[in-house]
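For reference, the structure discussed in these notes is given below.
The values are calculated or read from the model by the stated rules, or taken from the named source; none is laboratory data. What you are looking at is a predicted structure, and each value in this text was computed from that prediction instead of being measured. Cβ atoms come from the backbone with ideal geometry, glycine included; neighbour counts cover every protein chain shown. For the accessible areas, the whole protein counts, side chains as well, though only heavy atoms, and no ligand, DNA or RNA atoms are used. Shrake-Rupley method; radii C 1.70, N 1.55, O 1.52, S 1.80 Å.
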Amino acid sequence: MDDLASWLRLDQVPGVGGETARRLLGSFGLPENIFGASFSALQKVVPERIAHAIIAPLPGQAAERIARTQEWVSQTGNRVLTLADADYPAALLDIADPPVMLYAKGRVELLSRPSIAIVGSRNATVQGMSNAEQFANTLSASGLSVISGMALGIDTAAHIGGLHASVSNRAAGSTIAVIGTGADIVYPARNRTLAHQIAEGGCIISEYALGTPAIAANFPRRNRIISGLARGVLVVEAALQSGSLITARMAAEQGRDVFAIPGSIHSPLSKGCHQLLKQGAKLVETAQDILEELKYPTGSAAEASAAAPQRTEYDALLQAIGFDPVSLDALCERCAYDVTTLQGQLLSLELDGAIEMLPGGLYRRVG
């Protein structure tokens with residue numbers, strides 16, 4: 001706890017961010033050496049104002065935060081991993097700006113296992129959610145930890161798929177959630193149940209101090225950790241301005257593989273994936289494609305890849321709908337059905353999960 005207190009105190013010094021902290025650690029070693037150094041020695045490494053802040057007495061508010069964190073660490077399943085910790089994930093040491101500390105909740109051993117990141121739109125389609133969950137389930141069953149950011153949409157589906165594979169198979173990769181708040185905060189609130197499940201069967205990590213609320217700037221920054229931990233990043237659905245493209249760019253800069261699932265040329269949520277494909281991302285249609293590209297050992301679970309399309313008694317209508325959005329009037333012309341009959345069949349297909357209704361009264365096949 002004394003060692004941890006020194007690390008936490010370094011994190012509380014005004015003006016000391018990740019880059020400055022790593023510079024100080026590189027010069028003095030452990031944090032206790034930093035706080036034991038003279039002002040003149042500190043001034044050779046950091047600006048005068050930061051040197052003054054380091055030698056200044058610890059403010060009461062900072063002491064309270066340190067005590068609160070130590071109490072949190074004393075609870076089962078909670079850890080703070082520092083750059084000097086043997087359990088700190090080696091993959092992050094390869095990136096340009098590894099976090100000085102990681103607050104972890106759950107199975108920290110997952111952080112050192114081979115992993116794949118799955119990211120995408122918060123406003124995902126039914127098909128996108130299905131793809132994310134199926135890919136995650138297969139990749140997790142094959143032993144890869146599935147990393148995402150616990151946002152709504154694709155992230156949520158990826159975590160669910162990763163968890164489901166690990167329920168019956170402890171050797172599965174399970175899932176890792178890299179969050180943009182303190183590790184003691186669940187955001188978004190709708191994912192509270194999921195967060196508890198990940199803390200039990202997977203791992204939640206954050207570089208932000210306990211109590212840090214949801215701040216917009218923190219979420220793009222945490223993406224470097226998502227990509228940095230992974231051997232590759234799969235983008236399932238993304239608009240052209242999606243934050244998922246930031247993760248993909250960071251992955252490419254870090255030397256990780258980037259994968260993308262293609263979609264309809266008419267869908268805004270396919271535009272980001274298509275842009276990545278034009279820029280050199282690897283097109284994938286099944287989880288097996290990713291496992292082969294990563295040269296990762298595969299087994300019977302991997303061969304299942306994405307689930308087969310759902311079969312219904314309405315094969316002819318499904319064939320007429322196709323995979324691009326189509327209007328009710330256009331379907332009437334293609335199928336020669338009256339509107340009432342067609343609407344009844346479309347409703348049955350929608351309830352079966354075989355199609356989805358899009359804004360504007362358009363229909364599209366799912367799977």
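Rolling a 1.4 Å probe across all protein chains gives Ser74 an accessible area of roughly 80 Å². Compute the Cα gyration tensor for the chain, then decide on rounded, prolate or oblate, letting a ≥ b ≥ c be the square roots of its eigenvalues: rounded whenever a/c is under 1.5, prolate when a/b is larger than b/c in the other cases, and oblate in all that remain. It is prolate, given that a/c is not under 1.5 and a/b is the larger ratio.
Around Ser140, with a cut-off of 11 angstrom between Cβ atoms, what is the net charge of the other residues, counting Lys and Arg +1 and Asp and Glu -1?
On the way: positive: Arg113; negative: Glu133.
Charge balance in the 11 Å sphere: 0.
Relative to the longest principal axis of the Cα atoms of the chain, the long axis of helix 18-28 makes an angle of roughly 40 degrees. For Thr156, the shell of other residues with beta-carbons less than 11 Å away shows a net charge of 0, using +1 for Lys and Arg and -1 for Asp and Glu. Each Lys and Arg contributes +1 and each Asp and Glu -1, all at the Cβ; summed about the Cα centre of segment 101-250, the dipole is approximately 180 debye.
Judged by the gyration tensor of its Cα atoms, with axes a ≥ b ≥ c, segment 1-100 is oblate; a/c meets the 1.5 cut and b/c is at least as large as a/b. What you get for segment 16-111, charging only the Cβ of Lys and Arg (+1) and of Asp and Glu (-1), is a dipole of about 160 debye around the Cα centre. Surface listing: Glu292, Glu200 arranged by accessible area from highest to lowest gives Glu200, Glu292, probe 1.4 Å. Heavy-atom accessible surface of Tyr187, to the nearest 10 Å², is about 110 Å², with a 1.4 Å probe and all protein chains retained. For the pair segment 1-58 / segment 180-246, the C-alpha centres are spaced 28 Å from each other.
Between 0 and 90 degrees, rounded to the nearest ten: what's the tilt of helix 192-201 against the longest Cα principal axis of the chain? Orientation of helix 192-201: about 70 degrees from the principal axis. Considering only Leu291, Leu331, Val119, the residue lying farthest towards the positive end of the dipole of the chain is Val119, judged by Cα position with unit charges set on Cβ. Take every pair of alpha-carbon atoms less than 8 Å apart whose residues are at least six positions apart; their mean separation over the length of segment 146-197 yields a relative contact order of 40 percent.
Relative contact order for segment 40-118: what is it in percent, counting Cα pairs under 8 Å that are at least 6 residues apart? Present the calculation step by step, with values, prior to reporting the outcome.
Details: 42 pairs, mean separation 19.4, N = 79.
Relative CO of segment 40-118 lands at 25 percent.
At 1.4 Å probe size, what's the solvent-accessible area of Arg22? Round to the nearest 10 Å². Near enough 60 Å² of accessible area. Spatial offset of segment 59-89 relative to segment 141-164 amounts to 26 Å, using the alpha carbon center of each.
The sum of -39500 (n - 2.57) across all DSSP H runs of n ≥ 4, divided by the residue count of the chain, sets its helix-only mean residue ellipticity at 222 nm to -13500 deg cm²/dmol.
Cα convex hull of segment 178-221: how many Å³ per residue? Mind showing how you got there, number by number?
Numbers: hull volume 2.9 nm³, N = 44.
About 66 Å³ per residue, rounded to a whole number.
A dipole drawn for the chain from +1 and -1 charges on Cβ atoms has a positive end, and of Val236, Gly180, His266 the residue lying farthest that way is Gly180.
Compute the acute angle (0 to 90°) between the alpha-carbon long axis of helix 243-253 and the principal axis of greatest extent of the alpha-carbon atoms of the chain; round to the nearest 10°. Between helix and principal axis, roughly 60 degrees.
Nearest 5 percent is fine: what portion of the DSSP beta bridges confined to the chain is antiparallel? Walk me through the numbers on the way to the answer.
On the way: 15 of 33 bridges.
If we restrict to bridges inside the chain, about 45 percent are antiparallel.
Going by the alpha-carbon gyration tensor, a ≥ b ≥ c the square roots of its eigenvalues, is segment 202-245 rounded (a/c under 1.5) or, if a/c is not under 1.5, prolate (a/b greater than b/c) versus oblate? The partial results should precede the final answer.
Working: a/c = 2.50, a/b = 1.36, b/c = 1.83.
Note, shape of segment 202-245 comes out oblate.
Look at the dipole of the chain built from charges on Cβ: of Leu110, Val146, Gly353, the Cα furthest out on the positive end belongs to Leu110.
For the chain, the relative contact order works out to 13 percent when only alpha carbon pairs closer than 8 Å and six or more residues apart are counted. Taking a sphere under 13 Å around the Cβ of Met129 and counting the other residues whose Cβ falls inside, with K and R at +1 and D and E at -1, yields a net charge of -3.
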